[in-house]
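Q: Encoded as structure tokens, here's the structure I'll be asking about.
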Amino acid sequence: MQYVSTRGHATEQNFSEILLGGLAPDGGLYLPQQYPQVTQDELSAWRSLSYAELALAVLKKFATDIPQADLKAIVDKTYTADVYRNVRAEEKATEITPLRVLEDANGRKLILQALSNGPTLAFKDMAMQLLGNLFEYTLAKNNAELNIFGATSGDTGSAAEYAMRGKKGIRVFMLSPHKKMSAFQTAQMFSLQDPNIFNIAVEGVFDDCQDMVKAVSNDLEFKNHQKIGTVNSINWARVVAQVVYYFRGYLSATTSNEQKVSFTVPSGNFGNICAGHIARMMGLPIDKLVVATNENDVLDEFFRTGVYRVRKSAETWHTTSPSMDISKASNFERFIFDLLDGDTARLVALFKKVETEGGFDLSGKPGSDGDEFKNIARFGFESGKSVHADRLNTIRQVEKNYGITVDTHTADGIKVALEHIAQGVPMIVLETALPAKFNETIQEALGRDAERPAGFENIEALQQRFEVMTADVTKMKAFIAQHTGL
């Protein structure tokens, strides 16, 4: 399996070669030359596999350069009940991503897939724990080191830091928008005292952080000298790891390959639902992929109109589902590549227009940049939006009707899922995080604190270690160089 850049100019590379790098040298994102296909016989055989066994079956289609025995050891180390321990008492401890049926009446079936049982209580752990072990394996083989430079709107940062803390040869430099995460999210990251972890609070919004990550990644001389890698969803390995739980969700919700399911995914950066798109392209019987946004509705606007219009920092809302407070979806380019049938010249032109004019238009209307919006349905995409009042109402209704407390992002997903659920097709909502991470809104909605898993009772009281910096790429590079000694 070889990988190519969405922008068409980078040299083909294998999985291990792109694992540590993030962006391709031409500024594009890596994709496989073709998506591996899953046969009906394979899908049937996979129904009886454990999560680790399923992960191996999926990943070996993409990481063909890693010996299967080594890959098996990595997934076996990653997907254990000890790592994913925050499972509800009523669910089997061996389940990594258990399903909970919320509603099954009148031909409608609404299912919640629990993805937040990992060490940081968010779905990002599902991929990040694997990424940490893949990085350590690859670096050890090459006697190398890696400086991870990433951006987070809340959950990616803590998931990355908990996966990489103490790992030999790895340092983490994580940017986050200053005072724009929940108190729990902030404490989870900033309370880490490990010497290989550096938290940088940027005066701005998430997109300012992400722009600096891309700017550093595009400075190839600095990137190579400082051995810069990334764990954001622009990293292909992270997206592939997320593909696994779409297969697990489907296989757990169905009994026959003739059945279809739909997925609703809370989304800001398009990484999580991009994995669903890849699973569907591999042959997984997915009917709809429903994008659920918050007030920052760039993706909803595109999937309704064909217009991709990036918002400026001043137009990016700070909401009660802050991990989705994103106005430039950095993974979106992978889907546009497929929507354009791999036309790299057109893709480059469109994303140049994003940088110069703030977006592009594929609606097919006079003066637009193309008419590919008419093909969106072929990929199964639909979308919807949820705002703060919806969030509060959904949290209250889910608590009242099902006795379950959900976090704010998952609430966005449930609200939108109910608008798109179809007769006879189970709708799986991907859980985003445990509600304890967003206690301020749980208090507002329910008048009480969210339940906290053991070990997180007083996390906000722990000593915090972080740097506050402006969104200045030159200063950021100097900070990285100072702390790597390279």
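The values are calculated or read from the model by the stated rules, or taken from the named source; none is laboratory data. These numbers were taken from a predicted model, which means no experiment stands behind them. Methodologically, a virtual Cβ is constructed for each residue, glycine included, from the backbone with ideal geometry; neighbour enumeration extends over all protein chains shown.
Q: Suppose we filter 472, 407 for residues that are of a type in the set (D, E, K, R) and touching an Asp or Glu at 6+ places or on another chain (Cβ under 9 Å); which single one remains?
A: Result of the check over 472, 407: 407.
Q: Hey, can you tell me all the residues within segment 18-62 that are among the polar types (S, T, N, Q) and in contact with a Gly (Cβ under 9 Å, 6 or more places away or on another chain)?
A: Answer for segment 18-62, where residues must be among the polar types (S, T, N, Q) and in contact with a Gly (Cβ under 9 Å, 6 or more places away or on another chain): 37, 39, 40.
Q: Looking at the structure I just gave you, is residue 144 over 19 Å from residue 271 (Cβ atoms), part of a helix (DSSP H, G or I) and not basic (Lys, Arg)? Walk me through how you get there before you give the answer.
A: Numbers: over 19 Å from residue 271 (Cβ atoms): yes; part of a helix (DSSP H, G or I): no; not basic (Lys, Arg): yes.
Here the answer is no, as residue 144 does not meet what is asked.
For every residue, the table says whether it meets (1) farther than 30 Å from residue 337 by Cβ; (2) touching a strand residue (DSSP E or B) at 6+ places or on another chain (Cβ under 6 Å); (3) not small (Gly, Ala, Ser).
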| residue | (1), (2), (3) |
| --- | --- |
| 9 | no, no, yes |
| 13 | no, yes, yes |
| 17 | no, no, yes |
| 29 | no, no, yes |
| 39 | no, no, yes |
| 47 | yes, no, yes |
| 51 | no, no, yes |
| 54 | no, no, yes |
| 79 | no, no, yes |
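Q: Sticking with this structure for a sec: Could you grab me the full set of residues in segment 416-446 that are part of a loop (DSSP other than H, G, I, E, B) and more than 25 Å from the chain's Cα centre (by Cα)? Steps first, please.
A: Our first condition is that a residue be part of a loop (DSSP other than H, G, I, E, B); within segment 416-446, this holds for 421, 423-424, 426, 431-432, 434.
Matches in segment 416-446: 423, 424.
Q: Using the structure shown, decide if residue 446 is crowded, with 17+ Cβ neighbours inside 10 Å and either within 24 Å of residue 97 (Cβ to Cβ) or at pLDDT 95 or above (or both).
A: Working: crowded, with 17+ Cβ neighbours inside 10 Å: no; either within 24 Å of residue 97 (Cβ to Cβ) or at pLDDT 95 or above (or both): yes.
Against the criterion (crowded, with 17+ Cβ neighbours inside 10 Å and either within 24 Å of residue 97 (Cβ to Cβ) or at pLDDT 95 or above (or both)), residue 446 does not qualify.
Q: Let me ask you something else. When the residues of segment 321-350 are filtered to those that are more than 18 Å from the chain's Cα centre (by Cα) and farther than 18 Å from residue 34 by Cα, which remaining residue is surrounded by the fewest Cβ atoms within 10 Å (Cβ to Cβ)?
A: Going residue by residue through segment 321-350, those that are more than 18 Å from the chain's Cα centre (by Cα) are 337-350.
With the extra rule that they be farther than 18 Å from residue 34 by Cα, the set shrinks to 345-346, 348-350.
On the way: 345: 10, 346: 17, 348: 17, 349: 13, 350: 21.
In this case the residue turns out to be 345.
Q: Taking into account only those residues within segment 360-380 that are without any contact (Cβ under 8 Å) to a residue 40 or more places away in the chain and on the phi > 0 side of the Ramachandran plot, which is farthest from the chain's Cα centre (by Cα)?
A: 367
Q: Let me ask you something else. What number of residues in segment 1-25 are of a type in the set (D, E, K, R) and crowded, with 16+ Cβ neighbours inside 10 Å?
A: Residues of segment 1-25 of a type in the set (D, E, K, R): 7, 12, 17.
Cutting the leftovers down to crowded, with 16+ Cβ neighbours inside 10 Å gives us 7.
The number of residues fulfilling the criteria is 1.
Q: Follow-up question, since we're still on this one. Residues in segment 237-256: is at least one farther than 30 Å from residue 54 by Cα and in contact with a Leu (Cβ under 9 Å, 6 or more places away or on another chain)? Spell out the reasoning first.
A: The initial filter retains those residues of segment 237-256 that are farther than 30 Å from residue 54 by Cα, namely none.
No: zero hits.
Q: Sticking with this one: Go through (1) farther than 15 Å from residue 236 by Cβ; (2) in contact (Cβ under 8 Å) with a residue 24 or more places away in the chain; (3) among the polar types (S, T, N, Q); (4) surrounded by fewer than 19 Cβ atoms within 10 Å (Cβ to Cβ) one by one and return the number of the condition residue 78 breaks.
A: (4)
Q: Would you mind finding the one in 174, 126 that is modelled with pLDDT of 95 or more, buried (at least 20 other Cβ atoms within 10 Å of the Cβ) and not in a helix (DSSP H, G or I)?
A: Values: 126 fails: not in a helix (DSSP H, G or I).
Every option except 174 fails the conditions.
Q: So, in segment 141-151, of the ones that are buried (at least 17 other Cβ atoms within 10 Å of the Cβ) and of a type outside the set (A, V, I, L, M), which residue ends up nearest to the chain's Cα centre (by Cα)?
A: Taking segment 141-151 as the starting set, the residues that turn out to be buried (at least 17 other Cβ atoms within 10 Å of the Cβ) are 146-151.
Still in the running and of a type outside the set (A, V, I, L, M): 147, 149-150.
Working: 147: 20, 149: 16, 150: 13 Å.
Among residues in segment 141-151 that are buried (at least 17 other Cβ atoms within 10 Å of the Cβ) and of a type outside the set (A, V, I, L, M), the one nearest to the chain's Cα centre (by Cα) is 150.
Q: Right, something else. Report, by residue number, each residue of segment 214-234 that is at pLDDT 90 or above and crowded, with 24+ Cβ neighbours inside 10 Å.
A: 228
Q: When segment 317-350 is examined, which residues are found to be within 24 Å of residue 177 (Cα to Cα) and of a type in the set (A, V, I, L, M, F, W, C)?
A: Going residue by residue through segment 317-350, those that are within 24 Å of residue 177 (Cα to Cα) are 317-333.
Hits for segment 317-350 are 317, 324, 326, 329, 332.
Q: Then there is this: Taking segment 360-384 only, how many residues are within 25 Å of residue 235 (Cβ to Cβ) and assigned to a loop (DSSP other than H, G, I, E, B)?
A: Of the residues in segment 360-384, the ones within 25 Å of residue 235 (Cβ to Cβ) are 360, 379-381, 383.
Filter again for assigned to a loop (DSSP other than H, G, I, E, B), leaving 380.
Result for segment 360-384: 1.
Q: Given the residues 97, 138, which is the only one that is touching a residue at least 60 places away in the same chain (Cβ under 8 Å), in contact with a Phe, Trp or Tyr (Cβ under 6 Å, 6 or more places away or on another chain), surrounded by 17 or more Cβ atoms within 10 Å (Cβ to Cβ) and not hydrophobic (A, V, I, L, M, F, W, C)? Step through it out loud before you land on a result.
A: On the way: 138 fails: in contact with a Phe, Trp or Tyr (Cβ under 6 Å, 6 or more places away or on another chain).
Answer to the selection: 97.
Q: If you go through segment 447-476, how many residues are in a helix (DSSP H, G or I) and touching a helix residue (DSSP H, G or I) at 6+ places or on another chain (Cβ under 6 Å)? Walk me through it before giving the result.
A: The first filter runs over segment 447-476 and keeps only residues in a helix (DSSP H, G or I), leaving 459-461, 473-476.
Filter again for touching a helix residue (DSSP H, G or I) at 6+ places or on another chain (Cβ under 6 Å), leaving 459-460, 473, 476.
Looking only at that region, the number is 4.
Q: One residue is enough: does segment 360-367 have a residue meeting the conditions in contact with a His (Cβ under 9 Å, 6 or more places away or on another chain) and buried (at least 17 other Cβ atoms within 10 Å of the Cβ)? Let's see the steps before the verdict.
A: Step one: filter segment 360-367 for residues in contact with a His (Cβ under 9 Å, 6 or more places away or on another chain), giving none.
No.
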